Amino acid sequence: MRWCVSIGAVLVAGALAGGDTPGVAAPAAPSPSVDATVDVELILAVDISYSMDMDELALQREGYADAIISKEFLQALKTGPTGKVAVTYFEWAASTDQRVVMPWRVIDGPESAGAVAEDIRKAPLRRASRTSISGAINFAMPLFDANAYRGIRRVIDISGDGPNNNGEPVTIARDAALAKGVTINGLPIMSKATNYATMDIENLDIYYEDCVIGGAGSFVVPIKIREKFKEAIRTKLVMEVAHRVPELSVVPAATRAQRVSCTIGEKIWQERWGQ
(Lines give C-alpha, C1' and ligand atoms only; values in the text may rest on other atoms or scores of the structure.)
Protein backbone atom coordinates (compact mmCIF):
# COMPACT_ATOMS: atom_id res chain seq x y z
CA MET A 1 0.00 0.00 0.00
CA ARG A 2 1.28 3.45 -0.88
CA TRP A 3 0.35 6.59 0.99
CA CYS A 4 0.35 10.37 0.79
CA VAL A 5 1.11 11.73 4.24
CA SER A 6 -0.10 14.66 6.33
CA ILE A 7 2.84 16.20 8.19
CA GLY A 8 1.71 17.41 11.61
CA ALA A 9 -0.39 14.47 12.76
CA VAL A 10 2.43 12.02 12.12
CA LEU A 11 4.80 13.97 14.34
CA VAL A 12 2.30 13.88 17.18
CA ALA A 13 1.63 10.17 16.69
CA GLY A 14 5.34 9.43 16.46
CA ALA A 15 6.05 11.28 19.69
CA LEU A 16 3.30 9.47 21.49
CA ALA A 17 4.26 6.05 20.14
CA GLY A 18 7.20 6.08 22.33
CA GLY A 19 32.46 7.50 0.12
CA ASP A 20 33.31 10.77 -1.39
CA THR A 21 33.73 9.95 -5.06
CA PRO A 22 30.82 10.85 -7.38
CA GLY A 23 29.16 7.86 -9.00
CA VAL A 24 31.19 5.25 -7.08
CA ALA A 25 29.76 3.06 -4.33
CA ALA A 26 31.78 1.94 -1.33
CA PRO A 27 33.58 -1.45 -1.43
CA ALA A 28 31.86 -4.50 -0.03
CA ALA A 29 31.92 -4.77 3.75
CA PRO A 30 32.46 -7.91 5.83
CA SER A 31 29.47 -10.12 6.62
CA PRO A 32 27.43 -8.57 9.44
CA SER A 33 27.31 -10.12 12.89
CA VAL A 34 24.22 -10.62 15.01
CA ASP A 35 25.16 -7.47 16.94
CA ALA A 36 25.00 -5.53 13.68
CA THR A 37 21.25 -6.05 13.31
CA VAL A 38 19.34 -2.75 13.05
CA ASP A 39 15.68 -1.88 12.64
CA VAL A 40 16.24 -0.26 9.25
CA GLU A 41 19.05 0.43 6.81
CA LEU A 42 18.08 3.93 5.67
CA ILE A 43 19.60 5.67 2.66
CA LEU A 44 18.97 9.42 2.44
CA ALA A 45 19.28 10.41 -1.24
CA VAL A 46 19.17 14.18 -1.62
CA ASP A 47 18.71 16.22 -4.83
CA ILE A 48 21.30 18.96 -5.47
CA SER A 49 20.34 19.83 -9.06
CA TYR A 50 20.61 23.44 -10.29
CA SER A 51 16.85 23.91 -9.91
CA MET A 52 17.54 24.02 -6.16
CA ASP A 53 18.88 27.40 -5.06
CA MET A 54 21.60 27.64 -2.40
CA ASP A 55 19.13 28.68 0.30
CA GLU A 56 17.03 25.58 -0.42
CA LEU A 57 20.10 23.35 -0.33
CA ALA A 58 21.11 24.78 3.04
CA LEU A 59 17.56 24.45 4.38
CA GLN A 60 17.37 20.85 3.14
CA ARG A 61 20.69 19.95 4.74
CA GLU A 62 19.72 21.59 8.03
CA GLY A 63 16.33 19.87 7.88
CA TYR A 64 17.90 16.42 7.86
CA ALA A 65 20.41 17.30 10.59
CA ASP A 66 17.72 18.82 12.83
CA ALA A 67 15.35 15.91 12.24
CA ILE A 68 17.91 13.34 13.38
CA ILE A 69 18.39 15.03 16.76
CA SER A 70 14.70 15.87 17.27
CA LYS A 71 12.82 14.43 20.24
CA GLU A 72 10.28 12.90 17.83
CA PHE A 73 13.00 11.00 15.97
CA LEU A 74 14.71 9.81 19.14
CA GLN A 75 11.36 8.66 20.54
CA ALA A 76 10.61 6.78 17.31
CA LEU A 77 13.99 5.09 17.61
CA LYS A 78 12.84 3.45 20.84
CA THR A 79 9.84 1.78 19.17
CA GLY A 80 11.92 -0.69 17.12
CA PRO A 81 13.03 -4.13 18.34
CA THR A 82 16.73 -3.15 18.38
CA GLY A 83 16.45 0.59 18.99
CA LYS A 84 19.08 1.17 16.30
CA VAL A 85 19.10 2.35 12.70
CA ALA A 86 21.92 2.50 10.17
CA VAL A 87 21.95 5.65 8.01
CA THR A 88 23.96 6.96 5.09
CA TYR A 89 23.47 10.30 3.27
CA PHE A 90 24.37 11.04 -0.34
CA GLU A 91 23.65 13.84 -2.78
CA TRP A 92 22.78 13.34 -6.44
CA ALA A 93 22.13 15.14 -9.71
CA ALA A 94 22.90 13.55 -13.11
CA SER A 95 23.01 9.79 -13.65
CA THR A 96 26.80 9.80 -13.16
CA ASP A 97 26.88 12.36 -10.35
CA GLN A 98 26.36 11.03 -6.85
CA ARG A 99 28.50 11.78 -3.81
CA VAL A 100 28.40 10.20 -0.36
CA VAL A 101 28.34 13.00 2.21
CA MET A 102 28.13 10.71 5.23
CA PRO A 103 29.08 7.01 5.09
CA TRP A 104 27.06 4.44 7.02
CA ARG A 105 26.63 5.26 10.70
CA VAL A 106 24.50 3.71 13.45
CA ILE A 107 22.13 5.89 15.45
CA ASP A 108 21.11 4.39 18.79
CA GLY A 109 20.52 7.45 20.95
CA PRO A 110 21.15 11.19 21.43
CA GLU A 111 24.96 10.99 21.33
CA SER A 112 25.22 9.07 18.06
CA ALA A 113 22.38 11.16 16.59
CA GLY A 114 24.27 14.35 17.40
CA ALA A 115 27.44 13.04 15.76
CA VAL A 116 25.56 12.10 12.60
CA ALA A 117 23.82 15.48 12.45
CA GLU A 118 27.17 17.25 12.78
CA ASP A 119 28.66 15.17 9.94
CA ILE A 120 25.75 16.13 7.68
CA ARG A 121 26.01 19.82 8.56
CA LYS A 122 29.74 20.26 8.05
CA ALA A 123 30.01 19.07 4.43
CA PRO A 124 30.27 21.91 1.89
CA LEU A 125 27.20 22.61 -0.24
CA ARG A 126 27.33 22.10 -3.99
CA ARG A 127 24.99 22.07 -7.01
CA ALA A 128 25.18 20.11 -10.24
CA SER A 129 23.32 19.68 -13.53
CA ARG A 130 20.45 17.36 -14.52
CA THR A 131 18.05 15.30 -12.46
CA SER A 132 18.41 11.53 -12.45
CA ILE A 133 16.20 9.87 -9.87
CA SER A 134 16.94 6.55 -11.58
CA GLY A 135 20.66 7.22 -11.16
CA ALA A 136 20.11 7.90 -7.46
CA ILE A 137 18.23 4.62 -7.00
CA ASN A 138 20.84 2.66 -8.95
CA PHE A 139 23.63 4.23 -6.90
CA ALA A 140 21.80 3.50 -3.65
CA MET A 141 21.20 -0.19 -4.18
CA PRO A 142 24.84 -1.41 -3.90
CA LEU A 143 25.24 0.65 -0.72
CA PHE A 144 23.02 -1.83 1.11
CA ASP A 145 25.41 -4.69 0.38
CA ALA A 146 28.48 -2.54 1.10
CA ASN A 147 27.70 -1.94 4.77
CA ALA A 148 28.28 -4.09 7.83
CA TYR A 149 24.68 -4.04 9.06
CA ARG A 150 21.66 -6.28 8.74
CA GLY A 151 18.46 -4.26 8.56
CA ILE A 152 15.05 -5.71 9.31
CA ARG A 153 13.95 -3.27 6.60
CA ARG A 154 15.79 -1.50 3.77
CA VAL A 155 14.57 1.95 2.74
CA ILE A 156 15.66 4.55 0.17
CA ASP A 157 14.45 8.04 1.04
CA ILE A 158 14.49 10.30 -2.03
CA SER A 159 14.01 14.07 -1.93
CA GLY A 160 13.86 16.15 -5.10
CA ASP A 161 12.20 19.09 -6.83
CA GLY A 162 11.74 17.74 -10.34
CA PRO A 163 11.06 14.67 -12.47
CA ASN A 164 13.70 12.34 -13.88
CA ASN A 165 15.29 13.85 -17.02
CA ASN A 166 18.54 11.91 -17.29
CA GLY A 167 19.64 8.29 -17.25
CA GLU A 168 17.35 5.31 -17.66
CA PRO A 169 13.59 5.63 -17.06
CA VAL A 170 12.87 5.97 -13.37
CA THR A 171 10.36 3.11 -13.38
CA ILE A 172 13.05 0.63 -14.47
CA ALA A 173 15.30 1.55 -11.55
CA ARG A 174 12.35 1.63 -9.15
CA ASP A 175 11.02 -1.77 -10.16
CA ALA A 176 14.47 -3.36 -9.88
CA ALA A 177 14.80 -2.03 -6.33
CA LEU A 178 11.32 -3.17 -5.33
CA ALA A 179 12.05 -6.65 -6.69
CA LYS A 180 14.80 -6.91 -4.07
CA GLY A 181 12.46 -6.02 -1.23
CA VAL A 182 13.56 -2.39 -0.86
CA THR A 183 11.02 0.31 -0.03
CA ILE A 184 11.32 3.73 -1.69
CA ASN A 185 9.76 6.80 -0.07
CA GLY A 186 9.62 10.32 -1.48
CA LEU A 187 9.87 13.94 -0.44
CA PRO A 188 8.77 15.97 -3.49
CA ILE A 189 9.77 19.61 -3.01
CA MET A 190 7.08 21.95 -4.37
CA SER A 191 7.69 25.05 -2.28
CA LYS A 192 8.30 27.43 -5.20
CA ALA A 193 6.07 28.53 -8.07
CA THR A 194 6.29 26.19 -11.03
CA ASN A 195 9.07 27.31 -13.36
CA TYR A 196 9.30 25.46 -16.66
CA ALA A 197 12.71 27.01 -17.26
CA THR A 198 14.05 24.81 -14.48
CA MET A 199 12.12 21.71 -15.65
CA ASP A 200 9.45 21.92 -12.93
CA ILE A 201 6.10 20.16 -13.21
CA GLU A 202 2.94 21.16 -11.36
CA ASN A 203 2.00 17.73 -10.01
CA LEU A 204 5.35 16.50 -8.72
CA ASP A 205 3.71 14.82 -5.74
CA ILE A 206 1.55 12.71 -8.07
CA TYR A 207 4.61 11.96 -10.21
CA TYR A 208 6.41 10.65 -7.12
CA GLU A 209 3.40 8.57 -6.12
CA ASP A 210 2.98 7.00 -9.56
CA CYS A 211 6.57 6.78 -10.79
CA VAL A 212 9.08 6.89 -7.91
CA ILE A 213 7.90 5.34 -4.64
CA GLY A 214 7.00 1.72 -3.99
CA GLY A 215 7.35 -1.22 -1.65
CA ALA A 216 5.74 -2.11 1.67
CA GLY A 217 4.28 0.94 3.41
CA SER A 218 5.79 3.41 0.94
CA PHE A 219 4.66 7.03 1.10
CA VAL A 220 5.28 10.59 -0.05
CA VAL A 221 5.45 13.72 2.11
CA PRO A 222 5.09 16.73 -0.22
CA ILE A 223 6.64 20.07 0.75
CA LYS A 224 4.35 22.79 -0.60
CA ILE A 225 5.22 25.57 1.84
CA ARG A 226 8.82 26.63 2.43
CA GLU A 227 8.18 27.14 6.15
CA LYS A 228 7.17 23.45 6.42
CA PHE A 229 10.45 22.21 4.94
CA LYS A 230 12.07 21.02 8.17
CA GLU A 231 8.80 19.71 9.59
CA ALA A 232 8.23 17.58 6.49
CA ILE A 233 11.69 16.05 6.68
CA ARG A 234 11.17 15.26 10.36
CA THR A 235 7.80 13.67 9.63
CA LYS A 236 9.31 11.43 6.98
CA LEU A 237 12.21 10.25 9.13
CA VAL A 238 9.96 9.55 12.11
CA MET A 239 7.71 7.39 9.96
CA GLU A 240 10.62 5.52 8.40
CA VAL A 241 12.25 4.75 11.73
CA ALA A 242 9.06 3.87 13.62
CA HIS A 243 7.62 2.02 10.60
CA ARG A 244 4.27 3.42 11.68
CA VAL A 245 1.54 4.90 9.48
CA PRO A 246 -1.25 6.26 11.71
CA GLU A 247 -4.59 5.68 10.00
CA LEU A 248 -6.00 9.14 10.65
CA SER A 249 -3.01 11.01 9.23
CA VAL A 250 -2.73 9.42 5.81
CA VAL A 251 -4.80 8.88 2.71
CA PRO A 252 -4.14 5.68 0.75
CA ALA A 253 -3.26 6.05 -2.91
CA ALA A 254 -5.95 3.86 -4.46
CA THR A 255 -5.20 1.51 -7.30
CA ARG A 256 -5.90 3.43 -10.47
CA ALA A 257 -4.63 4.26 -13.90
CA GLN A 258 -1.36 6.14 -14.03
CA ARG A 259 -2.11 9.86 -13.64
CA VAL A 260 1.09 11.37 -15.01
CA SER A 261 3.64 10.25 -17.60
CA CYS A 262 6.69 8.75 -15.93
CA THR A 263 8.82 10.08 -18.80
CA ILE A 264 7.53 13.66 -18.57
CA GLY A 265 10.92 14.98 -17.47
CA GLU A 266 12.69 13.39 -20.41
CA LYS A 267 10.05 14.77 -22.78
CA ILE A 268 10.38 18.31 -21.41
CA TRP A 269 14.17 18.12 -21.72
CA GLN A 270 13.99 16.86 -25.30
CA GLU A 271 11.48 19.53 -26.32
CA ARG A 272 13.64 22.24 -24.81
CA TRP A 273 17.12 21.06 -25.79
CA GLY A 274 16.44 18.66 -28.67
CA GLN A 275 18.38 15.77 -27.15
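The values are calculated or read from the model by the stated rules, or taken from the named source; none is laboratory data. Bear in mind the structure is a predicted one, so any value in this text is a computation, not a measurement. Note: ideal-geometry Cβ built from the backbone for every residue, glycine included; neighbour counts use all protein chains shown.
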ask   = Is at least one residue of region 112-127 within 30 Å of K267 (Cβ to Cβ) and touching an Asp or Glu at 6+ places or on another chain (Cβ under 8 Å)?
value = yes
query = Across region 165-193, which residue is surrounded by the most Cβ atoms within 10 Å (Cβ to Cβ) among those that are in contact with a strand residue (DSSP E or B) (Cβ under 9 Å, 6 or more places away or on another chain), at pLDDT 95 or above and assigned to a loop (DSSP other than H, G, I, E, B)?
reply = V182
inquiry  = Can you tell me which of (1) under 18 Å from the mean Cα position of the chain (by Cα); (2) of a type in the set (A, V, I, L, M); (3) at pLDDT below 95 is the one A76 doesn't meet?
reply    = (3)
query = Can you tell me which residues in region 83-93 are surrounded by fewer than 23 Cβ atoms within 10 Å (Cβ to Cβ) and either charged (D, E, K, R) or at pLDDT below 95 (or both)?
reply = K84
ask   = Is it fair to say N147 is within 14 Å of the chain's Cα centre (by Cα) and among the polar types (S, T, N, Q)?
value = no
inquiry  = So in region 223-249, with the set limited to residues that are β-branched (V, I, T) and touching a helix residue (DSSP H, G or I) at 6+ places or on another chain (Cβ under 8 Å), which one is modelled with the lowest pLDDT?
reply    = V245
request  = Taking A197 as meeting all but one of (1) surrounded by fewer than 21 Cβ atoms within 10 Å (Cβ to Cβ); (2) at pLDDT below 95; (3) assigned to a loop (DSSP other than H, G, I, E, B), write down the number of the exception.
outcome  = (3)
